[in-house]
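The values are calculated or read from the model by the stated rules, or taken from the named source; none is laboratory data. As the structure is a computational prediction, the values presented were derived from the model and not from experiment. No Cβ is skipped: glycine too gets one built from the backbone with ideal geometry, and neighbour counts run over all protein chains shown. For the accessible areas, the whole protein counts, side chains as well, though only heavy atoms, and no ligand, DNA or RNA atoms are used. Shrake-Rupley method; radii C 1.70, N 1.55, O 1.52, S 1.80 Å.
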Amino acid sequence: MQPFRVHEGTGAPLDRPNVDTDQIIPKQFLKRIERTGFGEFLFYDWRRTGSGELDPQFVLNQARYAGASILVAGRNFGCGSSREHAAWALADFGFRAILAPSFADIFANNCAKNGLLVVELPEETIAGITLRAREIAGYRLTVDLEQRSVDDGHGLRAEFAIDEFRRYCLLEGLDDIGLTLRCADQITSYEDRRGRERPFQGPPFC
Amino acid sequence: MTGGCTLFDKLWDDHVVCQPEGQPALLYIDLHLVHEVTSPQAFDGLRAAGRRVRQPLRTVATVDHNVPTTDRRLPITDQIAARQMETLRRNCREFGIPFFDIGSAEQGIVHVIGPELGLTQPGMTVVCGDSHTSTHGAFGALAFGIGTSEVEHVLATQCLPQRKPRSMQVFVDGRLPKGVTAKDLALAIIGKIGTDGATGHVIEYAGPAVRALSMEGRMTLCNMSIEAGARAGMVAPDETTFAYIHGRRFAPKEPAWQEATRYWRSLASDSDAQFDRTVEIDASALPPYVTWGTSPGMVVPVTGAVPDPKWFAQETDRQAYTRALEYMALRPGTKIEDIAVDRVFIGSCTNSRIEDLREAAEVVRGHRVARTVQAMVVPGSQAVKHQAEKEGLHEIFREAGFAWREPGCSMCLGMNPDVLQPGERCASTSNRNFEGRQGRGGRTHLVSPRMAAAAAVAGHFTDVRKWNYEEVRDAAVSRA
């Protein structure tokens, strides 16, 4: 996993609450068996018209936000389906961080597993960043995970809280399966103890 | 901490393998359900790292999201879907995972077959790469949806590092009136607390109205927990739970059954347990509900009307509601009962169990689907389909003009050929009314099976409480 320490990039505002993972990556693109190549299908039904052309109205199709790597979103971003394809699509499109007032739980987990930083900021702060992203040409943000801060170089600076373990994994780009496997002996003794105490909860298939 | 433990506390504590310094707790997973869409990349990850599946016999796979619901003898025309199913078949063979393939008698929606095979039991932790895994909480299990990286994590370690969510009790007093179902209760709760009202929480549903629900009803209720943002939903097990599980294929057999039920009876919140949050609802005051917008929280009673965005205080809400109205092609003030539908879908992991089909069939019996409506019933599993056919429900549906299909997720998410056409309006017993969920440009209204059945006959939404039908016979007589 790509580590995340400090990232500077263009901020694109997507000012809608409850953006669900069906919008982030529609179901017709979930049949691929690879982890890569989902970026071109990101927000497909919003980015493209019924006939498949790019809709110039949609924020990510506007020249001023070309190459945006920080998404500034509304509350409850990523609600709905558990599809990790949503995180893959955002990362593959080039996003490294998403700022929003709140995120759905499974989506936030999925992002963390893919080096994509989700930052929760108060609703007023997000509203302020959204406004600036619309009004200031070439608006850029710096997201600093080491300092837990967001800075736009125009006087807006905000600090954010993040789970320490999630932060550590992102900073180091860690594979957390490797960490769990270090507890293999404890897992085995847990299984042994449970098997003795409650044999009726053994593996259903044998 | 003072006070007793919640059911959730008990399940959590029982599954903590260890708590490494500075890390989240490592939680043991008893049952891992796998399907074709969210697993291929997880198996690839295992291969790339040279890892094996730690507990293949605590893992079970089936195909449900992609499968066509038409004649199973015909070849699958969608080659990409066929490749995804073939990939799961190969992965299960390679890693020794039990697999219920498309032609097997056990195939079905993963959240329907887990309970009906007796795999889902009280006191377990259950995960699946699917958000509606919360369904299994109906049995007093801690069950939650995970992403593909976490699927890989569970395959490799049978554990997940997890921070403990907060707890929420939803206490439902009274009793649901005739014609009002667990689906309406779920929609009422989401309407009250919002689609992010339970984010970061595990819900325990309690109270007389919940105790009075059948297992099918409890599954519907827990299934929709994720639509309120909850990590999981659960109901403490009781005699209804034990009666449902007893005798099922993977249920404990005597003498283990006695031992199991003794343990299961201990799985309840203590009377002095403290929840981080409590919500109360009076079931006896609830009507049938219909969603009007593009989020499950956009819901009103069937007797109501489409709301006006002007009523909402926040500008972002007004914009979202206006956008939803445009997408749904509805005007504020339109009576719900005046909204005509083109399609009716009875199915999905929310409402495709035998009781759901019985309830819909009662409403349909002796009627015809309106000429302007195309309607289909997709049973949740082969076992449900078989049982429904034994009871003659398929004849009731077919005679009324419904299509009677093979099991799968079908038009709940439209990954298979069952999709809405742009602009089509559907009364659906599924769980999400997101834009494009059932097909690009499709307009979804979430309702109960009874309400969907009535809409199919009437051609528009109608209050099923006024419908003249006979109550269901004793559901304990037959099971599926």
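Quick notes
- Residue in the range A:21-37 that is small (Gly, Ala, Ser) and open to solvent by 10 Å² or more (accessible area, probe 1.4 Å) present: yes
- Qualifying residues in the range B:121-136 (those that are at the interface with chain A (Cβ under 9 Å from one of its Cβ atoms) and among the polar types (S, T, N, Q)) - the one farthest from B:Gly233 (Cα to Cα): B:Gln121
- Check on B:Gly436, within 21 Å of B:His65 (Cα to Cα), crowded, with 18+ Cβ neighbours inside 10 Å and touching a helix residue (DSSP H, G or I) at 6+ places or on another chain (Cβ under 7 Å): yes
- Residues located in the range A:53-77, provided they are aromatic (Phe, Trp, Tyr) and surrounded by 23 or more Cβ atoms within 10 Å (Cβ to Cβ): A:Phe77
- Residue within the range B:375-387 that is open to solvent by 10 Å² or more (accessible area, probe 1.4 Å) and more than 23 Å from the chain's Cα centre (by Cα) present: no
- Comparison of B:Glu116, B:Glu150 shows that the only residue that is farther than 30 Å from B:Arg73 by Cβ, among the acidic types (Asp, Glu), in contact with a strand residue (DSSP E or B) (Cβ under 7 Å, 6 or more places away or on another chain) and modelled with pLDDT of 95 or more is B:Glu150.
- From the list B:Leu27, B:Leu46, B:Leu31, the lone residue that is in contact with an Asp or Glu (Cβ under 8 Å, 6 or more places away or on another chain), closer than 30 Å to A:Thr188 by Cβ and open to solvent by less than 30 Å² (accessible area, probe 1.4 Å) is B:Leu46.
- Complete set of residues in the range B:38-91 that are more than 11 Å from chain A (Cβ to nearest Cβ) and within 16 Å of B:Val378 (Cβ to Cβ): B:Thr62, B:Val63, B:Asp64, B:Val67, B:Pro68, B:Thr69, B:Thr70, B:Asp71, B:Arg72
- Summed over the range A:152-184, the residues that are among the acidic types (Asp, Glu), assigned to a helix (DSSP H, G or I) and at the interface with chain B (Cβ under 10 Å from one of its Cβ atoms) give a count of 2.
- Unique match (being farther than 30 Å from B:Ser295 by Cβ and among the basic types (Lys, Arg)) among A:Arg166, A:Arg96, A:Arg148, A:Arg132: A:Arg148
- The residues of the range B:451-470 that are out of contact with any strand residue (DSSP E or B) (no Cβ under 7 Å at 6 or more places or on another chain) and open to solvent by 10 Å² or more (accessible area, probe 1.4 Å), listed by number, are B:Val457, B:Ala458, B:Thr462, B:Arg465, B:Lys466, B:Trp467, B:Asn468, B:Tyr469, B:Glu470.
- Matching entry among A:Ala161, A:Ala133 (being of a type in the set (Gly, Ala, Ser), open to solvent by 80 Å² or more (accessible area, probe 1.4 Å) and either on the phi < 0 side of the Ramachandran plot or in contact with a Pro (Cβ under 6 Å, 6 or more places away or on another chain) (or both)): A:Ala161
- The condition of being at the interface with another protein chain (Cβ under 10 Å from one of its Cβ atoms), of a type in the set (Gly, Ala, Ser) and open to solvent by less than 40 Å² (accessible area, probe 1.4 Å) holds for only one of A:Gly50, A:Gly80, that being A:Gly80.
- The range A:1-20 residues that are among the hydroxyl-bearing types (Ser, Thr, Tyr), paired with ones that are outside any loop (DSSP other than H, G, I, E, B) and open to solvent by 20 Å² or more (accessible area, probe 1.4 Å) (beta carbon under 7 Å, 6 or more apart): A:Thr10/A:Arg140
- Here the range B:420-464 is the region considered, the condition is being polar (S, T, N, Q) and closer than 19 Å to B:Thr350 by Cβ, and the residue that is farthest from the other protein chains (Cβ to nearest Cβ) is B:Ser448.
- Unique residue being of a type outside the set (D, E, K, R), without any contact (Cβ under 8 Å) to a residue 60 or more places away in the chain and either more than 12 Å from chain A (Cβ to nearest Cβ) or within 26 Å of B:Glu227 (Cα to Cα) (or both) when the list is B:Gly108, B:Gly118, B:Gly103: B:Gly103
- All positions within the range A:83-117 that are within 10 Å of chain B (Cβ to nearest Cβ) and part of a helix (DSSP H, G or I): A:His85, A:Ala86, A:Ala87, A:Trp88, A:Asp105, A:Ile106, A:Phe107, A:Ala108, A:Asn109, A:Asn110, A:Cys111, A:Ala112
- Number of residues in the range A:83-115 that are among the charged types (D, E, K, R) and in contact (Cβ under 8 Å) with a residue 60 or more places away in the chain equals 3.
- First in the range B:131-160 and without any contact (Cβ under 8 Å) to a residue 12 or more places away in the chain, second anywhere and surrounded by fewer than 24 Cβ atoms within 10 Å (Cβ to Cβ) and of a type in the set (D, E, K, R), Cβ under 8 Å, 6 or more apart: B:His153/A:Asp176
- Only one entry in A:Ile136, A:Ile126 is more than 14 Å from every other protein chain (Cβ to nearest Cβ) and either farther than 23 Å from B:Pro161 by Cα or in contact with a Lys or Arg (Cβ under 7 Å, 6 or more places away or on another chain) (or both), namely A:Ile136.
- For the range B:403-431, the set of residues classified as open to solvent by less than 10 Å² (accessible area, probe 1.4 Å) and touching a strand residue (DSSP E or B) at 6+ places or on another chain (Cβ under 6 Å) consists of B:Pro407, B:Met411, B:Leu420, B:Cys426, B:Ala427, B:Ser428, B:Thr429, listed by residue number.
- Selection count where residues are in a helix (DSSP H, G or I) and either facing another protein chain (nearest Cβ under 7 Å) or open to solvent by 30 Å² or more (accessible area, probe 1.4 Å) (or both), scope the range A:185-206: 15
- B:Glu399, sole failed condition from (1) at pLDDT below 95; (2) over 28 Å from B:Ala228 (Cα atoms): (1)
- Of all residues in the range B:66-115, those satisfying the criterion of being surrounded by 17 or more Cβ atoms within 10 Å (Cβ to Cβ), in a loop (DSSP other than H, G, I, E, B) and polar (S, T, N, Q) are B:Asn66, B:Thr69, B:Gln107.
- Checking each residue in the range B:150-177 for being of a type outside the set (A, V, I, L, M, F, W, C), touching a helix residue (DSSP H, G or I) at 6+ places or on another chain (Cβ under 7 Å), more than 17 Å from B:Ala61 (Cβ to Cβ) and within 11 Å of chain A (Cβ to nearest Cβ) picks out B:Thr157, B:Pro161.
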